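Below is one structure, written out as structure tokens, with a few remarks after it.
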Amino acid sequence: MSHAIAAMPGWLAILVTAGAPVLMALGLGQVMQAVFTPQEFLANAQVGAIKYSFMVEIYAVVAALALVGAWDIYQTARDTLQKEASGLYLLALSVDAFDGPAFQDRRVEMRGAIRAYAGAVVSQDWPAMQAGQPGTGSEPPSSGWRAPSSTSMAAGRGSRRCSRRSATGSSRWGRRGSPASPSCRARCQG
């Protein structure tokens, strides 16, 4: 139900928010005029005015809290979307870090995975979220693509990385004195 209300067009939401209380007040006024006599209204005029103003204040506070809550939800969704878009952008830029012909297929695969993820989020996850269901379109498949291992990544950058590695295995990027991998040591020595 709440998702149906959230999916309402703006003009209809304003009409319901402003029109429903007015219609309820008019309907309640008609019922009160039919049930009570004018003499009974005069006797209770001061108490009725206080009760009416109290009800108006309660409605105003509830409406303000609902508005603040909706604004907070909007802000959170916007911030989350900006973070995810920024992450995807940086991920797309970092694909070019895998340079060289050895990584050509991997770069194409990574770019395709980024496009597929963004497409799945827009076409499957967002409509599911709008319907109040958890979106699973952007979940990684249980089999298929796997992240490259550090050994396969080092193989493509071997000459550049090994030239900065000393015989003890210290590296410009790693901790001093950390042992080098056997494949890197073999490339550096041979």
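The values are calculated or read from the model by the stated rules, or taken from the named source; none is laboratory data. Quick caveat: nothing in here was measured; it's all calculated off a predicted structure. Backbone-built Cβ (ideal geometry, glycine too); neighbour counts: all protein chains shown.
A few points about this structure:
- Flag for Leu93 being modelled with pLDDT of 90 or more, over 28 Å from Met129 (Cα atoms) and among the aliphatic types (A, V, I, L, M): yes
- Filter pass, Ala70 being touching a residue at least 24 places away in the same chain (Cβ under 8 Å), surrounded by 11 or more Cβ atoms within 10 Å (Cβ to Cβ) and assigned to a helix (DSSP H, G or I): no
- Only one entry of Ala85, Ala4 meets the criterion of being within 37 Å of the chain's Cα centre (by Cα), under 26 Å from Ala128 (Cα atoms) and either among the polar types (S, T, N, Q) or modelled with pLDDT under 90 (or both), and that entry is Ala4.
- Test for Asp105: is it part of a helix (DSSP H, G or I), more than 30 Å from Ala25 (Cα to Cα) and in the same structural domain as Gln130 (by TED's automatic domain parsing): yes
- The range 7-35, residues that are within 33 Å of the chain's Cα centre (by Cα) and of a type in the set (S, T, N, Q): Thr17
- Flag for Gly132 being surrounded by fewer than 10 Cβ atoms within 10 Å (Cβ to Cβ), on the phi > 0 side of the Ramachandran plot, at pLDDT below 90 and not in a helix (DSSP H, G or I): no
- The condition (being of a type in the set (Ser, Thr, Tyr), in contact with a helix residue (DSSP H, G or I) (Cβ under 8 Å, 6 or more places away or on another chain) and not assigned by TED's automatic domain parsing to the domain that holds Ala120) is satisfied by just one residue among Tyr74, Tyr59, Tyr52: Tyr59.
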